[in-house]
Amino acid sequence: MKHESSNKLWQDALQVLPGGVNSPVRAFKSVGGSPFFVHSGKGAFLTDADGNRVIDYVLSWGPLAAGHAHPEVVEAVKSAADNGFGFGVPTELETLLARKIITHYPSMERVRFVNSGTEATMSAIRLARGFTKRDLIVKMDGCYHGHGDSMLVRAGSGIATLALPDSPGVPAVLSAQTLVVPYNDPEAITEVFNHYGADIACVIVEPVAGNMGVVPPLPGYLERLRALTVTYGALLVFDEVMTGFRVALGGAQAHYEITPDLTTLGKVIGGGMPVGAYGGPADIMDMLAPRGPVYQAGTLSGNPMAMTAGLKTLEILERPGVFDDMERRMTGLCSGLGDIAREAGVPVYQTQAGTMAGLFFTEMPVHDYTNAKLSDTKRYAKWFHGMLDRGVYFAPSQFEAAFISTAHDDDVLSSTLEAARAAMKTDI
Ligand code: KE4
């Protein structure tokens, strides 16, 4: 594959963008090499600046569940644009998208739109603290909830010790308001509640982890979180920014039949445009300004273009059989990749949750971040480049997810498996 144009664009970007990117994971740091630059996307494919066409399993990190530039989404956004890009005044579109979300997430009686998943989780945490009048929050090691200061923390020395900053610029005093426990460890979270229960405002969790690779909850884990938060009067926040409309149309909460107190959403609900959202019961959400005292605001929140893209995308996913067909294809892809790895004698551990999936280069089962980090990331990097050289783009990190879209048809899947057979045999 030629990369001259991308290489030139990369050098240009490095002159004016920190690290050449606007989000770190795009820089290919953990797989080596430099990123390609995209010219366009269509269906399951990206075309780069050199005209190379690749099958896309990143899909803008999840949002493009209807594929790139779906004609109906493009048409809807174009006509919305003809009416104006945004007003800072309410539009019906915000109510329509909120209603559509609520039909799939009955735990959400009210929805507030923001412009990113980070804004959604930051705001949900502030609301949980305001509602409970408590300061401590709990997160799981390896779960990512955006770059809000309270989330950029690493576990303290022991289970029941307060967290430490995981980035310069995050004040230690703020990190100390966060407790970090291993994912899928019911004893650890129980111990933390035994120590701090009366002071915990909320637990925030990815109900299926997607930022350590894809790691589903072990049986009973989410139920334990739900029981502990009820017992101690803390809120349970399901961060479904990634899992929403991906694990199931109703997210992980529908799949596992657990009702959280607050839910955060993003990615798919914007259909590729910048949207985040958080929601829950009216008695909690109505604490938000202007109704209540908890402040949160946003110039472009609920903007008509993003609402339109989200509405049309969800309409497409809601059509009979569309989501199930996508999930079935992901299952087929995972099983094909597993067979190919076994034939090649490459140890892999696979996970799937609806239309998202993980592929770890390890023989061990992966139930938490400690195990995930035992994966052979060098082998993952060889897999990544071997597949990209053959026209298939998976996430440039072992600790991300693969996503499928309605545009990933049988031909796309068989081309993927053909590339995988060659890559598994010769590259890793
Ligand atoms: P954003 O602020 O990036 O829109 O959303 C933050 C976020 C919150 N919660 C979960 C569960 C998430 O997965 C994310 C963002 N996901 C990453 C991919 N793992 C976004 C990619 C990136 O950072 O560029």
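The values are calculated or read from the model by the stated rules, or taken from the named source; none is laboratory data. Given the structure is predicted, the values throughout are model-derived calculations rather than measurements. Positions of Cβ are backbone-derived with ideal geometry, glycine not excepted, and every protein chain shown enters the neighbour counts. Calculation scope for accessible area: heavy atoms of the full protein, side chains included, ligands and nucleic acids excluded. Shrake-Rupley method; radii C 1.70, N 1.55, O 1.52, S 1.80 Å.
Under a 10 Å cutoff between Cα atoms, tell me which one of ASN211, ASN371, ASN83 has the largest fluctuation in the Gaussian network model of the chain. Ranking ASN211, ASN371, ASN83 by mean-square fluctuation puts ASN83 first.
Taking a ≥ b ≥ c as the square roots of the eigenvalues of the alpha-carbon gyration tensor, the stretch 261-352 is classed prolate because a/c is 1.5 or more and a/b outweighs b/c.
The magnitude of the dipole of the stretch 311-380, with charges of +1 and -1 set on the Cβ of Lys/Arg and Asp/Glu and taken from the Cα centre, is near 220 debye. Taking every C-alpha pair closer than 8 Å and separated by at least 6 residues, the mean separation divided by the residue count of the stretch 72-318 gives a relative contact order of 29 percent. In the context of the full protein assembly, LYS267 retains an accessible surface of approximately 50 Å², using a probe radius of 1.4 Å and ignoring ligands and nucleic acids. When the Gaussian network model of the chain links Cα atoms closer than 10 Å, the mean-square fluctuations of ALA81, ALA66, ALA120 top out at ALA81. A full extension of the chain between GLU92 and ALA289 corresponds to an added length of 68.9 nm, given 0.36 nm per residue minus the alpha carbon distance.
Does the chain come out rounded, prolate or oblate by the C-alpha gyration tensor, with a ≥ b ≥ c the root eigenvalues, rounded set by a/c under 1.5 and, if not, prolate when a/b is larger than b/c and oblate if not?
Values: a/c = 1.60, a/b = 1.22, b/c = 1.31.
Note, shape of the chain comes out oblate.
Between GLN253, GLN350, GLN15, the GNM of the chain built on Cα springs shorter than 10 angstrom shows GLN15 fluctuating the most. Between ALA297 and ASP12, residue separation times 0.36 nm minus the direct Cα-Cα distance comes to 99.1 nm.
Measuring r between the beta carbons of GLU318 and ALA69 and using R0 = 25 Å, the FRET efficiency lands at 0.80. Of the residues ALA297, GLY338, ALA282, the one whose Cα sits farthest towards the positive end of the charge dipole of the stretch 274-358 is ALA297 (charges of +1 on Lys and Arg Cβ, -1 on Asp and Glu Cβ, taken about the Cα centre).
With the helix formula -39500 (n - 2.57) applied to DSSP H stretches of n ≥ 4, the chain reaches a computed 222 nm mean residue ellipticity of -11500 deg cm²/dmol. With Cα atoms defining each centre, the stretch 146-177 and the stretch 246-265 are spaced 26 Å apart in the structure.
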